[in-house]
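Take a look at the structure set out below.
No value in this document is a laboratory result; all are computed from the given coordinates. A quick note: this is a predicted structure, and the numbers were derived from the prediction, not measured. Neighbour counts are summed over all protein chains in view; Cβ atoms, including those assigned to glycine, are modelled from backbone coordinates with ideal geometry.
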Amino acid sequence: MFSIFNNNRSTDNSINRNSKRPVFLRAKWENLVMLNYEIDSKILLPHLPPATELDTFNNKTLVSVVGFMFNNTKVLGLRWPFHSNFEEVNLRFYVKHFDGLTWKRGVVFYSEIVPRPIIATIANLLYREHYSAKPMMHAMSVKKDEIILTYKWKHRKKWNSIDVTAEASFSDIHAGSEEEFIFEHYWGYNKYNEQTTIEYGVEHSMWQVHKVKEWKLDCDVASLYGEAFVPYLSAEPDSVFLAKGSEVLIRKPSFIKT
């Protein structure tokens, strides 16, 4: 269930140690759109949690604008009415943590948007995430051999959106590819305070991907993420991916002291 990615470095996603942590959440993550942009690392350095470093692909520092579906969500084994299926849009970047033996590859979420306030509140309290609640919607259609997918969120009274058109067929991720770098991160890291980082495990099978043909990001980058991100998220993305997704489990957090 849990895959390991090496990429010419000593990397360990620590299956055994990670699996000792209790499961907090189970869900299906489906139809994951990833718009990936190269960015100046200086923009991200102030947001690094203690004990982590920026991870790069081919010497490029990347951020991803991500839209996807949370489906069949269960928290501590329980399904909450009206909170099982919902959209999420986030902005994330890629880090690594050396635990004394190996490098563990993970992500840091700069911003996460969901449609339900209670989801945002719980995630922010337990994981020190950066969730906000906004009106959201999505639409998906399959026409002949194409998937047309849209995620929308309302920010400052205006609808923002991610739109992609992709081939309906899908294929496996190739070893060493940018898809593998983007998707094969199995740890989350958040800053708790100046000396402490929250670490949590995310487990899923290796995803399959659709070939994206067209895409569009319509987003008020300045007010949502800050002026520093505008030149990068307004440019052409380095890559755009659409993953089919799978069942996912998120484990309870632990703490790293520096």
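Place a point 7 Å from the Cα of Gln208 along the Cα-to-Cβ direction; which residues of the stretch 151-182 have their backbone N under 13 Å from it?
168-173
In the chain, if the dipole is taken from +1 on Lys/Arg beta carbons and -1 on Asp/Glu beta carbons about the Cα centre, which of Leu32, Ile43, Phe255 is farthest to the positive end?
Toward the positive end, the furthest listed residue is Phe255.
Translational diffusion coefficient of the stretch 206-258 at 25 °C, 0.890 mPa s, Stokes-Einstein with Kirkwood Rh over Cα pairs, in µm²/s as a whole number.
Answer from the Stokes-Einstein relation: 165 µm²/s.
Under the √(5λ) rule applied to the eigenvalues of the Cα gyration tensor, what semi-axes describe the equivalent ellipsoid of the stretch 166-258? Give them in Å, descending. Present the calculation step by step, with values, prior to reporting the outcome.
On the way: eigenvalues 152, 107, 24 Å².
Each semi-axis is the square root of five times an eigenvalue, giving 28, 23, 11 Å.
Which residues in the stretch 187-218 place their backbone N less than 11 Å from a point set 7 Å from the Cα of Glu146 along the Cα-to-Cβ direction?
Answer for this model: 213-215.
For the stretch 128-254, build the charge dipole from Cβ charges (+1 Lys, Arg; -1 Asp, Glu) around the Cα centre, then report which of Met136, Leu149, His210 sits farthest towards its positive end.
Among Met136, Leu149, His210, the one farthest towards the positive end of the dipole of the stretch 128-254 is Met136.
Could you count how many Lys pairs in the stretch 39-164 have their Cα atoms under 20 Å apart, skipping same-chain pairs fewer than 8 positions apart?
9
Size of the dipole of the stretch 15-257 about the Cα centre, Lys and Arg at +1 and Asp and Glu at -1 on the beta carbon, nothing else charged, in debye to 20?
In total the dipole reaches around 1080 debye.
Scale the Cα Rg of the stretch 88-233 by the rule-of-thumb value 2.2 N^0.38 Å and send over the ratio, two decimals.
Rg over 2.2 N^0.38 Å, computed on Cα atoms: 1.17.
Per the Kirkwood definition applied to all pairs of different Cα atoms, how many angstroms is the hydrodynamic radius of the stretch 74-168? The partial results should precede the final answer.
On the way: mean 1/r = 0.0635 Å⁻¹.
Over the stretch 74-168, the inverse of the mean reciprocal pair distance is 15.8 Å.
Once the convex hull of the C-alpha atoms of the chain is built, how many Å³ does it hold per residue, rounded to a whole number?
With only Cα atoms used, the chain gives 125 Å³ per residue.
Given R₀ = 25 Å, FRET efficiency for Ala228-Asp99 by Cβ-Cβ distance, to 0.05?
Once the sixth-power term is evaluated, E becomes 0.25.
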